[in-house]
Structure formats: C-alpha cells, structure tokens
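This report refers to the structure that appears directly beneath it.
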Amino acid sequence: MSEITINGRDLTIDQVVKVAKDPSIKIKLADDAIIAINRAADAVQQFLSEGRIAYGITTGFGAFKDQLIPVEDVEKLQENIILSHAVAVGPLLDDATVRAMMLIRANTLAKGHSGIRLETVNLLIELLNRNILPIIPSKGSLGASGDLAPLAHMSLPLLGEGKVKVDGEIIEASQALQDAGLKAVKLAAKEGLALTNGTTMMTAIGALLVDSAETLMASANTAAALTIEAQNGTLRAFSPQIHQIRPQNFQAETAAQIRNLLEDSQFTRPDNSLNVQDAYSLRCIPQVHGAVSNAIAYARLVIETELNSVTDNPLLFFEGENVDVISGGNFHGEPLALALDFLALAVADLGNMSERRIAKLIDNKTEHYPSFLASQPGLNSGFMILQYTAAALASENKTLAHPASLDSIPSSGNVEDHVSMGANSANHAALVLENVFNIVGIEMMSAAQAVDFRLLAENGLKQGKGSALIMQKVRKIVPFFVKDTFYQPYMLKMTESLKQGEFVI
C-alpha cells in the first residue's frame, strides 16, 4: 500500500493504523470528494453574499452564538478560533496519533458537508504526505464541541503558526512551510469551525487503541495457555459443549484457541477425581477473555463508524439546487466516550486476571517448581517483585478505568452544558492498555520460567503444538534465569515484542 484515496465514506481502522505508522503512504482526495468540497465551499460564499445568518459563519461561537459578525470580519473570526482555541497542555501526542488525526480530519472534510475550501484541505493533506507534523498537546478537550483545543493545535500550521516536527526536529511552522515550498492559507468563512469542531483526536487515539487491544487480546490468550501448562491445568473447562450452551460472543472462540494452542500437550492433567477443576483465573479464561474480546469488537464498531462521520457544526446539506445549513450536535463525543470507557474497563480486567495468574505462578504451594520461580529461594528473590509490578499496574488501572464519560462540567456560559469527556476516556484507555501489555509480558516471562522448571524436573514431557512455538519465541527474547539478575531490560523487551504482535498466533 503506497497510496490511499479518501472520500469520507470507507476509511478503515486498518488503513488509519498503516498511515499512522508509515509516513511513506501518501493520501489523495477522490474526484467525487473534490466536487463535494467545492460545492460546500461555494455554498458558504453564497450565504455571505445573500447576508444569511448561520452559526459560526456570520455569528460568534459558543456563548457568543447571538453575536452577529460583520461580513468584513468573517475571515478574521475564523483565524481567531484557531488562535484562541490552541490552549491544550500535557504530554505531546506521538507522531502516529498526529498522523492519524490529520488523516481522519481530512477524510471527514472530504464528505463535503463542512464548507471548507479545497486548498485548505489540500494543505492539510500535503503536510501529512510530507510528514510535517503539528505539535499537539494531549489534554484540554471536553469531548464537546469535539476536541477543540487539540484540533486547533493541529490547524495552527495551516496558518503558518505554531510549531511542527520535521525529521524528528521541532521547528516553527512558518519555517517548515517555507522549506517545503508551501504557502499558509488565509482562512475563509466556516473554515476555522470545520477544522476544530469534531471528535478527531479521540477517534484517532481510539483507532490505534483498538488495533493494539486486538494484538494484546491475542497475546493474552497465548500467555494464558502457557500458564495452564506451567500450572498443570486441565482443559476440561475448555470443552466445546460447555460453550455451545452459553453462546456469548467470543467465548467459544477463546476456548477453541486455547485448545488449539495446547493440542497434544503433556503438561496438562487428565481427569482426576481428586482435582477436578482449576482456580477461576485458569478455568474461566473463555468467559473473561471472551467478554474482553467482545468489548474490543464493540469499540472497533463505534470507532470505524466515526471514521466516516461528519462531526463539525453547522453542517451543509444539499437537495437539488437548495442548500440548507443546520446546527446540530455531531461534535458530541458520547458514543466514543462510552466505547473507550468500556474498552478501558475491559482491558483493565484482562490485566486483573493476568496478574492473578502471575500470583499463582510464583506461589510456593505447587510441587512443580520452587517458590517465586527462584532456583535457590532465599538467596534469590526470583520473580517475587515482578508480581509486585504487575499488582501495582493492575491497581492503577482500577482508578484509570473510572468512566470519564460519567463526568460533565458545563462550559461556554452554560450553553455547552453537557460534554462527553471522551478525550479523557481515550487518554485513560491508552494508559490502561500500556499497563496491561506490561502485565501480560510479566505473565509470559513467569509462565516460561515455570515451564522450564517443569521441563527440568519432568524430562521427556512434550508441550502442545502451539505452546511449544510460544516457548521458542519467548526464549528468543528472555533466557531461563538460574539466578537473580537485572530483569527489567528483559521485561521491556518482552512487552515490546507483545506490542509488535510477535505472539499473535
């Protein structure tokens, strides 16, 4: 994939992820999108010439919606919205998220309901294609009227204002435009609103999170399978008939994946009347991991819908020769806020279960390996403190997973009296996901350590077809530890390998 043509209708999460991560992929507007953009821009100019009153075009914004703006000041009004709204703070968004934002915003504008001019959209796309990336702080959005402050920062370089990142160096946007032979635009009526009014940041973060969460989910299943072998667990709870009579989404699929990974394994126990079932963290993997998979699928559905939605205000609609401009609330991020809160909650619980399996792996009650996975317990602490780290992250997630969407602080003179806080939902979900990648990485290391102890003690046993492959992958990243060492570099390598999808089997 070297080029993607956008038209506002069929952009996918997978395309967003590819463009976000690969600056060599170029973006172009579809021919019908160019026609639609020009039609809407012409309509805005028609409104001005007719002296019609339209929110954000010939009026102020928010609480100033009743303030009429003289025609001669309309262009200044649009510039002012960018300059005054660019007040975000906090950690800067990474390059991938910024690229995703630029792509998603361009795709939204390509639908032709926003009234922006073609030259302005083209400059946004040109910056993306040349990897000239606006500097965007991550905090400051209420999630209605969309991600105003972050989007204003994204838009500053179009005016030759603010800073951008070029080849890893942060420079003035005006200098970057000059170096690239590009010219800043002077915003026309409606363009400031078209650029800043919408759910673009939370959608961009959400798209990347859904992709990462799917990778995490598959990796968590492989880690859990390895833990079952380490614990000499039984596969009876994964029998197909159990899950056929409770057809919750992804439950049967999860059970089938575990069975496939552990096919022909001699590290699981057969029926034993004295030990018929395992602890919930092993026995209920299909029910819990399946439910998390379902939450991720729901988030994908919501995000993918939003990618091809128009989320600014007001919007232009065409019926024959008639043009109507309607003020509405598509900028409200509630669908995303709820989905991202649900995603954070689900992924946090995935981490909770993984941490409980880590605790079992270092438990000194098992006969299959020594306490804390240490060769000489006492002299060596083994994996004792790795579990502490996992527990700390799981605990932090319980506060991060508090639903941001449940909060609303009125703004703009109580005109904007209910907001989604969807940007906070997105930022919190990202932190949860990062934590759980680390937790699952620790589980993978711990399970591999325990399996190797079993291999040493029970020489001749064979792992499952899938779990043996997992073990080979783990051992390319971390060794079997015969004594205490500086574990953290190995932990970080394991986490990074999970993020890269090396354990998606």
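What follows draws every value from the coordinates through simple rules; no lab data is involved. Here the structure is a predicted model, which is why all the values come from computation and not from measurement. Quick reminder, even Gly has a Cβ in these numbers, built from the backbone with ideal geometry, and neighbours come from all protein chains shown.
Observations, loosely collected:
- Isotropically averaged projected area of the stretch 126-230, using the convex hull of Cα atoms (one quarter of hull area), nm²: 9.3 nm²
- Residue order, fewest to most beta carbons within 10 Å, for I358, I13, I6: I13, I6, I358
- Rounded to 5, the percent of DSSP beta bridges in the chain classed as antiparallel: 70 percent
- Where GluC sites (Glu not before Pro) in DSSP loops with at most 14 other Cβ within 10 Å are excluded, longest remaining stretch of the chain: 1-262
- Pairs spanning more than 25 Å between alpha-carbon atoms, out of K360/K473; K365/K493; K18/K493; K139/K163; K473/K499; K111/K186: K365/K493.
- Rounded if a/c under 1.5, otherwise prolate or oblate - the stretch 6-94, Cα gyration tensor axes: oblate
- Positive end of the dipole of the chain (Cβ unit charges, origin at the Cα centre): among V98, N272, M353, the Cα lying farthest that way belongs to N272.
- Degrees, to the nearest 10: 74-85 long Cα axis against longest axis of the chain: 30 degrees
- Taking the helices alone, the chain has a mean residue ellipticity at 222 nm of -17500 deg cm²/dmol, built from -39,500 (n - 2.57) per DSSP H run of at least 4 residues and averaged over all its residues.
- Contact order for the chain, expressed relative to its length and based on alpha carbon pairs under 8 Å spaced 6+ residues apart, stands at 18 percent.
- Principal-axis tilt of helix 422-457 within the chain, Cα atoms, nearest 10 degrees: 20 degrees
- Ranked for footprinting exposure by Cβ neighbours inside 10 Å, fewest first, M353, M102, M154 give M353, M102, M154.
- Look at V292, V440, V302 and count the other Cβ atoms within 10 Å of each Cβ; fewest to most, that gives V302, V292, V440.
- Degrees between helix 200-230 axis and first principal axis of the chain (Cα, 0 to 90, nearest 10): 10 degrees
- Share of Cα-Cα pairs in the chain lying beyond 37 Å, as whole percent: 38 percent
- The alpha carbons of the stretch 3-198 occupy a box of 45, 37, 33 Å along the principal axes, longest dimension given first.
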